[in-house]
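*Asks:* Can you read through this structure? Questions will come right after.
What follows is calculated from the coordinates using simple rules that are stated; it is not laboratory data. Note that the coordinates shown come from a computational prediction; the quantities given were computed from them, not determined experimentally. When we count neighbours, we look across all protein chains shown, and the Cβ atoms used for this are built from the backbone with ideal geometry, even at glycine.
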Amino acid sequence: MCGIVGYVGYRPVQEILLAGLEKLEYRGYDSAGLSMLLDDGTIESVRAVGNLSRLRAAVVHSNGGDESDGAVATATRTVTSGIGHTRWATHGRVTESNAHPHYDTSDKIHVVVNGIVENYLVLKRRLSDMGAVFTSETDAEVIAHLISHHMALGSLVGAVRAAYAELEGHYSFVAISADEPDTLVGARKECPLIIGRGDGEQFLASAIPAFLAHTRDVQYIENEEIVVVRPDSVEFLEPDGTPIEREHTHVDWDESTAEKGGYETFMLKEINEQADAVAETIADRTIRPDGVDLGEAELDESLLDDVERVLILAAGTSFHAGLIGRYAIEEWARVPVDMDVASEWRYRNPIVSERELVIGITQSGETADTLAAMRLARERGAKVLACTNVVGSQATRDSDGVLYTRAGLEVSVAATKTIVCQVAAMYLLALRMAEKRGTLAPERIAELVAEIKQLPTRITELIEGLNGSLMAAAKRHATSDFYLYLGRHVGRAVALEGALKLKEIAYIATDAYAGGEMKHGPIALLDEKTPVVCVATDMPILDKMISNIQEVRARGAHVIAIATEGDDRLEAVAEEVIYVPRTDWMLQPLLAVIPLQLFAYYVARERGLNVDQPRNLAKTVTVE
Ligand code: F6R
């Protein structure tokens, strides 16, 4: 996810912005930029692709090589207000012109934006027709032009309110105007934005670490609020302009806690970011109530035409996301799907055809086996689609099209927010294929789109309701040295993923099986000490899964069931039942995986382990 920093006050802004952005580096980024308000009525803007040292070099260059006082050399006084941004590309490639800040045609309004503007295409068309000249491929730029269009209202805050009323999506932004020095106007719709209060100076950022070196006096901007920030004041407004009182909070976090957003670990922070990550992944792709749109700069939807067979290749957690995708593609689009772990498939002297679509799922876009398998599939004539979280990663270059997840950087080694985004992306792909092939009735597609759009809300509800029951279950079983995970049908991938999580972060031996296979061997492992995690959320063969749970109980083992809200049958067969909100059965795995992430987390914490740095594992991170 991107980072925002803003400052108004009396000190040289340039160094405050650069240092603030450095504190947000942990969030991941591929380009960065600053805009500063000069007192000659212009805005100086510098952007650079790559890490912040490149932005620093570009700033020094634009200052005429003088870095001495941290001020902008072209200004007639020390420049004391501005905005900065680190971008993690979602719409548009990693280029300087796609980096923020974005600006309007007259270069008087500059904005930094996090999140997604869902209706940007409609707005872009309208503003272009009115003469706006767009200079980037991003959705974010539309905000600068829209505010500029509304500046006829007479003030930056008036223009931001009018723009906000027209914007759909999931975003936060900060705007400055060359005509109103010493004023920042911010708006929040879902994505975070926070005020840091100073004396004669104020800070605004997407996360507290950006200003923690200067102040610990914080005011939280709530969802759907606008703020007007000046050196001596911060006004909070409803979108209709009604003023709001906002209390101050003193933050006593140290820097490392602040980086984790107040959570004790990155893994917990990232588990809690899953609603936002899924919201971004589905945002503009589900605008149409009657279908899904995937056609983007790097995905020509014709890639999905005439596909006779799909083959999914991946590793680890990404393979489990693919397994859920397999059910969705077969069920909705009625296309046969095979899959394999990339590290095996590539050595099978595999057979692929030109009518085959190979989907390589890799959050990092850099996993060697997955890349090699994708390349081999392409050499042998298949069309290859990459599903990745990293713009510009190798997978994007080794494929014919890219379907991006938009989870932001995942710092924790254990994949959490990336799997839910991969699963969401698989649902979108399956639904688009179904729409193109006419395999689902239009009403059913509309119903599924509506359900997919509800997923972020359901994730929030789920996570808010989970902690107590999961912590208790984790405490009870933390000393067990073996766990069995069972699931069937769409629940099997969830069981596999839950077992992987417990293995990799709590170092506990686990096995994961299809429920129907248990009696063919693994049942011998069960005794009254064995915790058995059973994924029993709504699905077509839930009755069979419940019979398998009864077989487990008959051996005296301890059943922890993951079930769908409203299904009380599990209470009779399980010692502990963890409920996930009801959705369409095909979407249940995306929710069911979350309690298993948290369960593994709490077990690991009970054992005193460092979940962010599990032994023998490292994350593939490609961000500079
Ligand atoms: C598990 C985990 C790994 C990765 C696997 C593939 O938590 O992180 O199993 O899923 O190494 O990585 P990507 O998706 O980057 O190809």
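*Asks:* Compute the relative contact order of the chain as a whole-number percentage, counting only Cα pairs closer than 8 Å that sit 6 or more residues apart in sequence.
*Replies:* Values: 1455 pairs, mean separation 69.5, N = 624.
Reported as a whole number, the value is 11 percent.
*Asks:* For helix 156-166, what angle does its Cα long axis make with the longest principal axis of the chain, in degrees from 0 to 90 and rounded to 10?
*Replies:* Orientation of helix 156-166: about 30 degrees from the principal axis.
*Asks:* Still on this structure: Show that you can apply the helix-only estimate: for the chain, add -39,500 (n - 2.57) for every DSSP H stretch of four or more residues, divide by all residues, and state [θ] at 222 nm to the nearest 500.
*Replies:* -10500 deg cm²/dmol
*Asks:* Looking at the stretch 380-499, what % of the alpha carbon pairs are farther apart than 18 Å? Numbers along the way, then the final one.
*Replies:* Values: 4998 of 7140 pairs.
The calculated P(r) of the stretch 380-499 puts 70 percent of pairs beyond 18 Å.
*Asks:* Okay, next question. Suppose every Lys and Arg Cβ carries +1 and every Asp and Glu Cβ carries -1, with no other charges. What dipole size does the chain come out with about its Cα centre, to the nearest 20 debye?
*Replies:* On the way: 60 positive and 94 negative charges, 366 e Å.
So the dipole magnitude of the chain works out to roughly 1760 debye.
*Asks:* May I ask you to list the lysines whose Cα is less than 27 Å away from that of Lys619, ignoring any residue fewer than eight positions away on the same chain?
*Replies:* The reachable lysines, counting only those whose Cα sits under 27 Å from Lys619, are Lys23, Lys260, Lys269, Lys417, Lys501, Lys503.
*Asks:* For the stretch 85-154 and the stretch 548-573, compute the distance between their C-alpha centroids and round to whole Å.
*Replies:* 52
*Asks:* Collect residues whose amide H, placed 1.01 Å from N in the peptide plane, falls under 5 Å from the amide H of Leu403; neighbours closer than 5 in sequence don't count.
*Replies:* Ala386, Cys387, Thr388
*Asks:* I want to check the label-to-label distance for Ser97 and Glu264. Put each point 7 Å from Cα in the C-beta direction and report it in nm to one decimal.
*Replies:* A separation of 5.0 nm, rounded to one decimal place.
*Asks:* What FRET efficiency comes out for the pair Lys519/Arg397, r = Cβ-Cβ distance, R0 = 51 Å, nearest 0.05?
*Replies:* For Lys519 and Arg397, the calculated efficiency is 0.65.
*Asks:* Could you check the simple spin-label distance between Ile244 and Glu528, using points 7 Å along Cα→Cβ, in nm with one decimal?
*Replies:* 5.6
*Asks:* I would also like to ask the following. Quick one: compute the contact order of the stretch 481-553, relative version, from alpha carbon pairs under 8 angstrom and 6+ residues apart, as a percent. Walk me through the numbers before you get to the answer.
*Replies:* Working: 104 pairs, mean separation 29.7, N = 73.
Rounded, it is 41 percent for the stretch 481-553.
*Asks:* To the nearest 10 degrees, how steep is helix 588-606 against the longest Cα principal axis of the chain, on a 0 to 90 scale?
*Replies:* With both axes taken from Cα atoms, the answer is about 90 degrees.
*Asks:* What's the exposure ranking of Ser206, Ser412, Ser128, going from fewest to most Cβ atoms within 10 Å? Display every interim value, and only then the final one.
*Replies:* Values: Ser206 27, Ser412 23, Ser128 13.
Lowest count first: Ser128, Ser412, Ser206.
*Asks:* Round to a whole angstrom and tell me the spacing of the C-alpha centers of the stretch 372-416 and the stretch 265-321.
*Replies:* Value for the Cα centre distance between the two parts: 11 Å.
*Asks:* What FRET efficiency would be calculated for the residue pair Glu224, Arg126, taking the C-beta separation as r and a Förster radius of 30 Å, to the nearest 0.05? Don't skip to the end; give the middle numbers.
*Replies:* On the way: r = 23 Å, r/R0 = 0.78.
My answer for the efficiency is 0.80.
*Asks:* Mind pulling the angle between the C-alpha long axis of helix 13-23 and the longest principal axis of the chain? Nearest 10 degrees, somewhere in 0 to 90.
*Replies:* Result, in degrees: 10.
*Asks:* Amide H to amide H under 5 Å from Glu225: which residues, 5+ apart in sequence or cross-chain, H placed 1.01 Å off N in plane?
*Replies:* Arg188
*Asks:* R0 = 45 Å: FRET efficiency of Glu571 with Asp252, Cβ-based, nearest 0.05? Walk me through the numbers on the way to the answer.
*Replies:* On the way: r = 43 Å, r/R0 = 0.95.
For R0 = 45 Å, the calculated efficiency reads 0.60.
*Asks:* Same structure again: Hey, rough spin-label estimate for Ser106 and Asp481, points 7 angstrom out along Cα→Cβ, what's it come to in nanometres?
*Replies:* 7.5
*Asks:* Calculate I(q)/I(0) for the chain by the Debye formula, one identical point scatterer on each C-alpha and no solvent, and give its log10 at q = 0.08, 0.11, 0.12 Å⁻¹ to two decimals.
*Replies:* -0.59, -1.06, -1.22
*Asks:* Pull out the extension gain between Ile541 and Asn467, defined as 0.36 nm times the separation in residues minus the alpha carbon to alpha carbon distance; nm, one decimal.
*Replies:* Details: separation 74, 0.36 × 74 = 26.64 nm, distance 2.86 nm.
Going from the current span to full extension adds 23.8 nm.
*Asks:* Taking the Cα atoms of the stretch 78-206 alone, what are Rg (to one decimal) and Dmax (as a whole number) in Å?
*Replies:* Computed over the Cα atoms of the stretch 78-206, radius of gyration and Dmax are 13.9, 45 Å.
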